[in-house]
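The values are calculated or read from the model by the stated rules, or taken from the named source; none is laboratory data. What you see is a predicted model, and the numbers here were worked out from it, not measured in a lab. Methodologically, a virtual Cβ is constructed for each residue, glycine included, from the backbone with ideal geometry; neighbour enumeration extends over all protein chains shown. Remember, those area values only see protein heavy atoms, side chains included, never the ligands or the DNA or RNA. Shrake-Rupley method; radii C 1.70, N 1.55, O 1.52, S 1.80 Å.
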Amino acid sequence: PWQGRTTILVDTRRATHDDATFEAVVSAAASIAVANGVRRDVVRLMTTDGTDSGFGTGTTHTHALLEHLAVCQWTGSASLRAMLDLLRTDGQGALIVVMGHGTGDDIASTARLRGRYGLVRVVQVDLSPGRGRQPAAASETAVIRVDADTSFPTAWDRAIVARSAARTVARSAR
């Protein structure tokens with residue numbers, strides 16, 4: 001039977017977080033892991049500190065991912081670039097990168113993996129009032145923005161609806 005395959009990469013770089021964004025990033029990653037687990041997808045959790053759960057399925061695997069996220073901490077030694085380089089060699093299923101105050105370069109580096117994965121999305125959390133939107137180097141549809149006014153569930157649902165609408169338009173144009 002067919003199973004979806006999802007890699008979730010959590011950005012744990014100290015420079016991209018404050019307390020609120022880190023908590024929101026971890027919460028979003030947990031929501032994605034649970035949703036994919038419920039669908040019985042094969043799920044892999046990675047963090048930019050080098051942690052890699054490997055692919056797995058089932059309740060026990062999902063609980064292990066949640067346990068890791070519960071104790072996950074930000075670190076000064078984490079590297080988004082190193083993890084993206086590692087992911088460049090895999091290229092299976094969907095890739096979802098969950099980050100805090102990432103830069104346009106971070107988003108562009110992630111977007112370059114689109115040719116390797118069936119789906120690439122960046123969940124960018126910026127809860128700081130007045131920071132404004134980060135300029136996205138990648139297509140706006142590839143970035144799901146969570147801010148002080150838009151919760152993760154709302155932003156995620158909007159992205160899913162937009163993707164479904166785009167598919168419908170593409171099918172009707174054929």
Boolean, Thr12 is open to solvent by less than 70 Å² (accessible area, probe 1.4 Å), of a type in the set (Ser, Thr, Tyr), within 20 Å of Gln124 (Cα to Cα) and touching a Gly at 6+ places or on another chain (Cβ under 8 Å): no
Residue satisfying all of: in segment 16-60; small (Gly, Ala, Ser) and in contact (Cβ under 8 Å) with a residue 60 or more places away in the chain; farthest from Val122 (Cα to Cα) among these: Ala20
Of all residues in segment 120-144 being more than 15 Å from Asp18 (Cβ to Cβ) and at pLDDT 90 or above, the one that is surrounded by the most Cβ atoms within 10 Å (Cβ to Cβ): Val123
Subset of segment 25-52 [under 15 Å from the mean Cα position of the chain (by Cα), of a type in the set (Gly, Ala, Ser) and open to solvent by 30 Å² or more (accessible area, probe 1.4 Å)]: Ser27, Ser31, Ala35
Selection within segment 8-24 - in contact with an Asp or Glu (Cβ under 7 Å, 6 or more places away or on another chain) and closer than 18 Å to Leu95 by Cβ: Thr12
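Results for (1) out of contact with any Phe, Trp or Tyr (no Cβ under 7 Å at 6 or more places or on another chain); (2) at pLDDT below 95; (3) of a type outside the set (A, V, I, L, M, F, W, C), shown as yes or no for each residue.
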| position | (1), (2), (3) |
| --- | --- |
| Thr7 | yes, no, yes |
| Thr16 | yes, yes, yes |
| Ala20 | yes, yes, no |
| Ala28 | no, no, no |
